[in-house]
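Comments concern the structure below.
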Amino acid sequence: MSLWLKTGDPSLLERVVKKKHVFKRGEVLYRMGQPMEYMYVIRGGSVKTSVSTEDGQVQVIGFHIVGELLGLNAIESRQHNCEAQATGMTSVCEVSIDRFEELASTDPAIQHEILKIMSAEIHHSHELLLLLGKHNAEERLATFLLSLSQQFARRHCSATEFDLSMSRSDIGNHLGIAEETVCRVFARFQDDGLISSQYRRVRLNDLERLKQIAYHRRTSNVRDSVDRQFEA
């Protein structure tokens, strides 16, 4: 709950959090079009977000881990514009949107955190568009693993060893490649010693080589910028 603890007001957490819930794998936190009453902070586990088209197609748009805030993009319309589903046993806190808006209107610390979250989401969207338009399957999967590494590092978790709670099918859907291709590239990465995996546990053995695969088509300036992010 770092979003509120950073404000320096410990009582703020209790005033904003409405309920705590645990969701089993596959259970839905909220659906597209559902009226928005709460946002959700992930306390444990992970969540995938997806959208459905009129012809019934489903597109996975993101994976979210401990410490992330879900539902912020529904504030304007007051309707959730995607579905959020637990990818494993997941605990969340419900955050009252009315109370949150009331506090955010007067607390500069919360306003600053919201801007940071929105900026990160915009950056992620731009990166995904670039990834889908310009990169092959190996580059997409390497970039995906490095992105997860950064996410976990920001939460003060291990950047090189973590659980992939999402299915290979969901990863392929998110990255725009077939599930069979995801499995084949994972196996190739493992054979080459870049990663080790056992069931859902993955270890990144060679971040430098993964970065070379992920970014070799980009300009050196962009690659240097990414390297600095991992070194920071």
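The values are calculated or read from the model by the stated rules, or taken from the named source; none is laboratory data. Not measured: the values here are computed from a predicted model. Cβ coordinates were reconstructed from backbone atoms using ideal geometry, including for glycine residues, and neighbour counts include every protein chain displayed. Surface accessibility is based on the protein's heavy atoms, side chains included, excluding ligands, DNA and RNA. Shrake-Rupley method; radii C 1.70, N 1.55, O 1.52, S 1.80 Å.
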Over segment 52-78, the set of residues surrounded by 17 or more Cβ atoms within 10 Å (Cβ to Cβ), within 11 Å of MET36 (Cβ to Cβ) and of a type outside the set (A, V, I, L, M, F, W, C) is GLY71
Checking the structure you have, find out if any residue of segment 142-151 is at pLDDT below 85, more than 17 Å from LEU70 (Cβ to Cβ) and crowded, with 16+ Cβ neighbours inside 10 Å. no
Write out, first by first residue and then by second, each pair whose Cβ atoms fall under 9 Å of each other, whose residues are 6+ apart or on separate chains, and whose first residue, in segment 140-164, is of a type in the set (Asp, Glu) while the second is surrounded by fewer than 18 Cβ atoms within 10 Å (Cβ to Cβ) and in a loop (DSSP other than H, G, I, E, B). ASP163/GLY88; ASP163/TYR199; ASP163/ARG200
Cβ-Cβ under 8 Å pairs, at least 6 apart or on other chains, segment 34-54 side among the acidic types (Asp, Glu), far side open to solvent by less than 30 Å² (accessible area, probe 1.4 Å) and not in a strand (DSSP E or B): GLU37/ILE97
Going through segment 173-196 in order, the residues found to be surrounded by 14 or more Cβ atoms within 10 Å (Cβ to Cβ) and among the polar types (S, T, N, Q) are ASN173, THR181, GLN190
How many residues, within segment 15-58, are of a type in the set (Lys, Arg) and either in a helix (DSSP H, G or I) or closer than 27 Å to GLY172 by Cβ (or both)? 5
